[in-house]
Amino acid sequence: MSASRRPALLATDPELASFVAAEESLQAETLRLIPSENYVSAAVLEASGTVLQNKYSEGYPGRRYYEGQQNIDRVEALAVERAKGLFGVDHANVQPYSGSPANLAVYLAFAKPGDTVMGMALPMGGHLTHGWGVSATGSWFRGVQYGVSADTGLIDYDAVRALALAERPKIIFCGGTALPRTIDFAAFASIAKEAGAVLVADVAHIAGLIAGGAHPSPVGHVDVVSTTTHKTLRGPRGAMLMCREEHAKAIDKAVFPGLQGGPHNQTTAGIAVALHEAAQPSFTAYAHAVVANAKALAAALLERGFDLVSGGTDNHLILMDLTSRGVPGKIAAKALDRAGIVVNYNTVPFDPRKPFDPSGIRIGTPSLTSRGLGVEHMPVVAEWISRAVDAAATSDEQALSGIRAEVADLMSAHPAPGLPLA
Ligand code: DSN
């Protein structure tokens with residue numbers, strides 16, 4: 001693939017242009033299974049790289065600290081209206097730079113340093129910003145953490161309730177980054193109500209599934225919905241906070257001026273386009289296809305003897321415990337990468353190994369579904385994973401190269417959105 005799509009960049013900085021072109025080739029030729037990644041459309045890419053980049057606009061539409069907002073206000077208002085319509089919320093703030101700042105804004109809105117907050121432990125499938133110790137949210141606040149049951153790999157709602165009632169946190173987070181099962185927002189809502197906590201659903205991973213009707217919505221159950229925009233939602237890298245009208249002021253004030261300065265208007269434009277795309281019937285079909293593919297892939301992996309946390313998946317994500325295959329997650333992930341299959345190594349619940357060298361890998365189907373792969377392809381994908389993990393165990397580089405060629409063949413028949421054709 002050439003850098004000629006970007007003639008100005010190529011002329012000014014050929015070195016950098018070559019890196020971008022190489023990344024395009026890599027994304028085109030490899031099978032991307034990282035469940036938090038996706039491919040944005042060409043329209044989202046175009047919207048995200050515009051002269052909106054040049055404008056400062058601290059404040060909100062109609063209430064800015066800089067002049068010249070005639071067009072920026074329209075862009076942001078459009079993104080906000082589309083978010084409200086798509087998710088059925090009273091209020092949306094589309095300015096958070098990404099998921100972590102969005103979650104930090106929630107703390108600023110509803111808690112004071114030292115307050116107790118509660119979320120799922122990171123190694124159990126939560127997120128750093130849900131009060132985990134190494135994050136500011138776990139050092140500036142007192143984080144208490146729930147997990148999953150050792151027997152089932154599922155959230156034990158009775159245990160969550162008991163912890164919440166014992167600790168009385170100011171904020172409870174539900175949602176996470178390695179949860180293969182449906183989140184029961186109603187159960188969390190009843191726990192938060194009993195404990196007197198603000199309930200936040202961090203739906204970053206499943207926002208696109210919610211928008212497409214392939215996962216129940218937290219709206220109506222929780223106080224605040226936090227999400228990134230670049231995972232299953234298929235937008236640019238950014239985030240949104242959504243809430244009922246009663247929390248709107250607190251959320252807006254926390255994002256700006258509480259935490260951030262000027263919003264990234266070029267990203268807001270990309271978010272607006274992604275939200276428009278996500279409101280189309282084709283996106284509903286996409287969201288359901290992501291889940292169907294994940295279920296088919298999980299079944300094909302189980303057939304090949306893999307251990308999956310919780311025994312399978314309800315959503316876009318599969319967490320594989322490779323202990324029984326005798327290959328640590330990191331070694332498997334690196335071998336898969338050499339085979340053209342891009343995953344991330346990941347802790348599994350109760351992992352005896354360290355996060356930088358854990359027992360599992362985390363995979364998902366948002367990206368391959370964006371390329372048009374269907375359930376009929378999942379046995380092939382599972383077979384590649386199985387062969388690559390076996391090859392990792394025996395350091396069989398030839399086998400990995402063979403898989404890489406097979407992967408590239410299938411990928412060339414299924415071009416990714418937003419990437420130039422080879
Ligand atoms: N880094 C994201 C993920 O991969 O799930 C979460 O922030």
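Here, each number is a calculation from the coordinates, and none is a lab measurement. Computed from a predicted model, the values in this text were never measured in an experiment. Glycine gets a Cβ as well: all are built from the backbone with ideal geometry, and neighbour counts include every protein chain shown.
Could you line up THR116, THR268, THR12 from fewest to most neighbouring Cβ atoms inside 10 Å? Starting with the residue having the fewest Cβ neighbours, the order is THR12, THR116, THR268.
As a footprinting exposure proxy, order ILE34, ILE206, ILE72, ILE191 by other Cβ within 10 Å, with the fewest listed first.
ILE34, ILE72, ILE191, ILE206
Just to verify a number: FRET efficiency for GLU15 and LEU45, C-beta to C-beta distance, R0 = 22 Å, to 0.05? For R0 = 22 Å, the calculated efficiency reads 0.55. Couplings 3J(HN,Hα) for the range 129-143, derived from phi with the Karplus relation 6.51 cos²θ - 1.76 cosθ + 1.60 (θ = phi - 60°), are 7, 9, x, 6, x, 6, 8, 3, 5, x, 9, 8, 10, 9, x Hz, where x marks Gly and Pro.
Ratio of Rg to Rh for the range 34-96: 1.01 [Cα atoms; Kirkwood radius as inverse mean 1/r over pairs]. The ranking of GLU277, GLU67 by Cβ neighbour count inside 10 Å, starting from the fewest, reads GLU67, GLU277.
Here the scattering of the range 224-291 is modelled by Debye summation over its C-alpha atoms, one equal scatterer each and no solvent; at q = 0.21 Å⁻¹ the log10 of I(q)/I(0) is -0.97.
Using r as the Cβ-Cβ distance of ALA8 and ALA150, and R0 as 60 Å, what FRET efficiency do you calculate, to the nearest 0.05?
In this case the efficiency is close to 0.60.
Using the Cβ-Cβ distance between GLU194 and LEU26 with R0 = 60 Å, the FRET efficiency computed as 1/(1 + (r/R0)^6) comes to roughly 0.75. For the chain, the number of Lys pairs with C-alpha atoms closer than 23 Å, counting only pairs eight or more positions apart or on separate chains, is 17.
Build a GNM of the chain with springs between Cα atoms under 10 Å apart, and of ALA150, ALA269, ALA335 the one that fluctuates most is ALA150.
So what does the Cα-only Debye profile of the chain read at q = 0.07, 0.08, 0.12 Å⁻¹, as log10 I(q)/I(0), no solvent term? Per q value, in the given order, log10 I(q)/I(0) is -0.34, -0.44, -1.01.
Taking every pair of Cα atoms in the range 292-421, average 1/r, invert it to obtain the Kirkwood radius, and report Rg/Rh to two decimals.
Details: Rg = 14.1 Å, Rh = 14.8 Å.
Checking Rg against Rh, the ratio lands at 0.95.
Over all other residues within a Cβ to Cβ distance under 13 Å of ARG63, the charged ones net out to -2, with Lys and Arg as +1 and Asp and Glu as -1.
You can think of it this way: the chain between ALA162 and GLN70 has 27.9 nm of extra reach, that is 0.36 nm per residue less the Cα-Cα gap. Backbone phi angles across the range 40-49, fed through the Karplus curve with coefficients 6.51, -1.76 and 1.60 (θ = phi - 60°), yield HN-Hα couplings of 7, 6, 4, 5, 5, 4, 5, 5, 7, x Hz in residue order; Gly and Pro are listed as x. Under 5 Å between amide hydrogens, built in the peptide plane, is the criterion, and for LEU154 it picks out SER149 among residues at least 5 positions away or on other chains. Peptides 216-229, 161-174, ordered by how many other C-beta atoms sit within 10 Å of their residues on average, highest first, read 216-229, 161-174. Quick one: which residues, 5+ away or cross-chain, put their amide H under 5 Å from the amide H of GLY143? H built at 1.01 Å from N. HN-HN under 5 Å from GLY143: VAL117. Within the shell of other residues whose beta carbon sits under 14 angstrom from the beta carbon of ILE72, the net charge comes to 0, with Lys and Arg scored +1 and Asp and Glu -1. Net charge in the neighbourhood of GLU81 (other residues with Cβ under 14 Å of its Cβ; Lys, Arg +1, Asp, Glu -1) is 0. Sorted on the mean count of surrounding Cβ atoms within 10 Å across their residues, most packed first, peptides 50-61, 251-262 read 251-262, 50-61. Rounded to the nearest 5, the antiparallel percentage of DSSP beta bridges internal to the range 155-279 is 40%. Could you give the distance between the Cα centres of the range 81-98 and the range 18-43, to the whole Å? Going from one Cα centre to the other spans 27 Å.
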